[in-house]
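Working notes for the structure below.
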Amino acid sequence: MTIEETALMLHRIIDDYNALPEPKYRNANLDILKRDYALLVEMKYQQKGNHAFDNILNAIAQTIHKMMPKNNDWRSISDRGINKAIPPIVRKKNHPIEFPFQWIDDKSRITCYCNGYWGAKNYMVMDIVGYSLLLKEGKDRLPEISAPIFNDVDSIATREYAISGNGNTSPSSQLIKNDQDIIQRIKDTRYHITFTDKDFRKHISQDMSSNDIFNLLWETSRVEFKLVFPVRMWDGKKAKEQTYTMNFFSRLFEFGYIEKARSNGIVQAREYYVFFNTVLGEMFAHNLLSKSYDWLDNTFYNLPYNAQIFYRRIVLNNNYKSIPVKIETIKERLNLDDKNITNLRNTVERNILAPLITQGLIDSYEKEEDGLYGLKFIIKRARKEDDDKAKSQN
């Protein structure tokens, strides 16, 4: 095909795709999408460097993926406290980060701290270990009755000083890989889980090696926080979110493993042990056992990095059909450092909102120039209660 022929075909495919009602994965013809995708692959050389081509190729690929029948229709849960309290802290070229990284909590205006990088995959780890904890506590199903760990904020303070008052950020700063140490830790820790590489992969529908999974768990377990952390407290009849201001740095969990298989000197399979025996880990477990979580499909983890963070930090905890958010708020919540407003706007629309629409996580968005406050996006979606009710019934 010539460049001219591929350009005409590209415009036709884009027009046809854009004409589909939202969400597209519910209204498209899978056979037609596969045909158009094959045509796009054929014209890849002629359209190299064309952003419109790259965007439509990615959009159709994601829609096809969402429409394909799946043998593993796995859903997971995500703790509201983690998503609200912890911002993304990632390595950026030519922008070194000094630790402890500091930010101001939106509501309390108290300074929070983090010693270590934190990104989309670390949030994902907490989803997986959190869901595994609930399944363990509910004996292979989500617990039907709330079972909070703490009665009030004072009980959290008492526990924090018992754990961290000696100056340690966790009961152990070392990786646990001795069988006897793991057995003893299981006896000493009320909230803990065990899982394998296979279990981990099932949650994310991605093919990660045992070493990749180990490194991700290890990195996540090493990050230290001193936060204003949201916790869900029950008064006997209803639950209300409160915040606890931590006095000491704490990690989210302690971590160990046992090797299960090796090949050519490389570990091929491991069994992992996660212990929620830090104050932050126990607050995390408390929230989950108090039903302070939201639902995520496993395909969520295939979204672009910034789209995942935006959804967690701005959309997932929100119950409203229409969510107004200023571009400066997006920049702050996602820790974006692009000072060029045009580039920032393009990032939000192309790399965040478009993939979320394609995935069916939001329905649409509008843009408004908000006077002195600049650009505002209005996110449109179904009410979260309806989504959660449908998922809990499946």
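The values are calculated or read from the model by the stated rules, or taken from the named source; none is laboratory data. This one's a predicted model, so the numbers in the text were calculated from it and none came from an experiment. All Cβ positions, even for glycine, are placed from backbone atoms using ideal geometry, and neighbour counts span all protein chains on display.
For V315, the conditions (1) assigned by TED's automatic domain parsing to the domain that holds R80; (2) over 22 Å from K202 (Cβ atoms) are fulfilled apart from (1). Considering each residue of the range 202-212, count those that are closer than 18 Å to Y273 by Cβ and crowded, with 18+ Cβ neighbours inside 10 Å, and give that number. Qualifying residue count, the range 202-212: 2. As a summary of the residue check, S78 satisfies the conditions (1) small (G, A, S); (2) surrounded by 19 or more Cβ atoms within 10 Å (Cβ to Cβ); (3) under 27 Å from D294 (Cα atoms); (4) in contact with a Ser or Thr (Cβ under 8 Å, 6 or more places away or on another chain) except for the one numbered (4). In this entry, A307 is excluded by the filter for residues that are in a helix (DSSP H, G or I), closer than 30 Å to N94 by Cα and modelled with pLDDT under 90. Remark: pairs (first residue in the range 73-102, charged (D, E, K, R); second residue assigned to a loop (DSSP other than H, G, I, E, B) and surrounded by 15 or more Cβ atoms within 10 Å (Cβ to Cβ); Cβ separation under 7 Å; 6+ apart in sequence or on different chains) = D79/S292; R80/S292; R80/N317; K84/N317; R91/Y117. Cβ-Cβ contacts under 8 Å between residues 6 or more apart (or on different chains), taken from a first residue in the range 234-250 that is part of a loop (DSSP other than H, G, I, E, B) to a second residue that is among the aromatic types (F, W, Y) and modelled with pLDDT of 90 or more, are listed as M246/F225; M246/F229; N247/Y161; F249/Y113; F249/F225.
Within the range 193-238, take every residue that is touching an Asp or Glu at 6+ places or on another chain (Cβ under 6 Å) and not small (G, A, S) and give me the one that is nearest to D106 (Cα to Cα). Step by step, filter the range 193-238, then rank; the result is V228. L175 passes every criterion in (1) in contact with a helix residue (DSSP H, G or I) (Cβ under 8 Å, 6 or more places away or on another chain); (2) hydrophobic (A, V, I, L, M, F, W, C); (3) closer than 30 Å to A307 by Cα apart from (3). Here G256 fulfils each of the conditions (1) part of a helix (DSSP H, G or I); (2) in contact (Cβ under 8 Å) with a residue 60 or more places away in the chain; (3) within 30 Å of Q184 (Cα to Cα) apart from (1). Counting only residues that are within 20 Å of Y131 (Cβ to Cβ), touching a Lys or Arg at 6+ places or on another chain (Cβ under 7 Å) and either in a strand (DSSP E or B) or of a type in the set (G, A, S) (or both), the range 216-232 holds 2 of them. When you scan the range 19-41, do you find a residue that is surrounded by fewer than 16 Cβ atoms within 10 Å (Cβ to Cβ), small (G, A, S) and without any contact (Cβ under 8 Å) to a residue 24 or more places away in the chain, even just one? Yes, some residue in the range 19-41 is surrounded by fewer than 16 Cβ atoms within 10 Å (Cβ to Cβ), small (G, A, S) and without any contact (Cβ under 8 Å) to a residue 24 or more places away in the chain.
Of the helices (runs of 4 or more DSSP H) entirely within the range 106-215, those holding at least 1 residues that are at pLDDT below 90 occupy 153-164, 179-188, 197-204. If the condition is being closer than 16 Å to N247 by Cα, in contact (Cβ under 8 Å) with a residue 60 or more places away in the chain and surrounded by fewer than 12 Cβ atoms within 10 Å (Cβ to Cβ), then the range 103-119 contributes only S108.
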